[in-house]
Amino acid sequence: MPLSTATLPPANLLSQAEQAIYTTLKADKRRSDWLLGRYTAKHLIQQVAEQRAGQTIPLTAFSILGRADGSPEVVWDTPAHGFDCTISISHSADKALCALVERNGWPLGADIEQISPHIMGFIGDYLTATERALIRQTAEALRPLHTTAIWSAKEAALKAMRIGLKQDTRSLSCLIGPIESPPDDWTPFTIQWEDLPLERPAPPLTGWWQVHDGFILALASS
């Protein structure tokens, strides 16, 4: 569910717990990104709740709070409205994306990234040799898109693992490409773990990506 800051959050968006967090955010960009993410996620959760129960619940009936690992968690302030779910939130250049699965604690990661030629500088430091080889097979004009897609896919996969960018991005390869034209529908990609120091084996993840209005959207889930 991508949205932009053109639609400003209403005054009745945040629960009391969220309002307390919002007041602690000092930087304008951080406040804007955080609010936009909540706006996007809350409206998606509200839509799913309406499909389930046939009634619209207030956006203040639940809070989206941060776990210790930084991932978002839905806490129902009004339990009667609640249902089990896992969400993932991302934002880039005044756009936001939220994904939802109707299960608790489910591996799920979503990422949105604006396509930019500047991302080509990431290739040497953040991509694996396998990923770099795939990009070289793509026409030069499409390489920024291809690089952004791989980067976004990595972020989605690491979010699904709930480790984020604390982990070396070269610990996994997201196999996308070569690209002949930008896909405007969800297209699968393969996630291949290279070296992931975890206490237990990584769950198998499936990834999907597409291009939407100059942005890459990526999802990863079990």
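Put a dot 7 Å past each Cα toward the Cβ at Ala139 and Ala17; how far apart are the dots in nm?
5.0
For the stretch 96-141, state which trypsin sites (Lys or Arg not before Pro) are in a DSSP loop and have at most 15 other beta carbons lying within 10 Å of their beta carbon.
Counting only loop positions with at most 15 other Cβ atoms within 10 Å, the trypsin sites (Lys or Arg not before Pro) in the stretch 96-141 are Arg103.
Could you run the Karplus curve 6.51 cos²θ - 1.76 cosθ + 1.60 with θ = phi - 60° over the stretch 205-212 and give me ³J(HN,Hα) per residue in whole Hz, x for Gly and Pro?
Coupling constants for the stretch 205-212: 10, 10, x, 9, 8, 7, 9, 9 Hz.
With charges only on Cβ, +1 for K and R and -1 for D and E, what is the dipole size of the chain about its Cα centre, in debye, rounded to 20?
380
Only helical DSSP H runs with n ≥ 4 go in: add -39500 (n - 2.57) per run for the chain, normalise by residue count and round the 222 nm mean residue ellipticity to 500 deg cm²/dmol.
Dividing the helical sum by the residues of the chain leaves -9000 deg cm²/dmol.
How long is the gain from Thr190 to Gln114 if the chain were fully straight, where each residue apart is worth 0.36 nm and the alpha carbon distance is subtracted? Walk me through the intermediate numbers first.
Details: separation 76, 0.36 × 76 = 27.36 nm, distance 2.14 nm.
Stretched fully, the Thr190-Gln114 segment lengthens by 25.2 nm.
Treating the beta-carbon of each Lys and Arg as +1 and of each Asp and Glu as -1, no other charges, what is the dipole magnitude of the stretch 42-154 about its Cα centre, to the nearest 20 debye?
The dipole of the stretch 42-154 has a size of about 220 debye.
Based only on other Cβ atoms within 10 Å, what is the fewest-to-most ordering of Thr148, Thr187?
Neighbour counts put them in this order, fewest first: Thr187, Thr148.
If you rank Cys98, Cys174 by fewest surrounding Cβ atoms within 10 Å, what's the result?
Ordered by Cβ neighbours within 10 Å, fewest first: Cys98, Cys174.
Using Cβ contacts closer than 10 Å as the measure, can you line up Phe62, Phe122 from fewest to most?
Numbers: Phe62 26, Phe122 14.
So the residues, fewest neighbours to most, are Phe122, Phe62.
Using a Gaussian network for the chain with springs between C-alpha atoms less than 10 Å apart, which of these wobbles most: Leu44, Leu142, Leu175?
Of the options given, Leu142 has the highest mean-square fluctuation.
Values in this text are rule-based calculations from the coordinates and carry no lab data. Everything numeric here is computed off the predicted structure, so don't read it as measured data. Because the Cβ atoms are built from the backbone with ideal geometry, glycine has one as well, and the counts that use them run over all protein chains shown.
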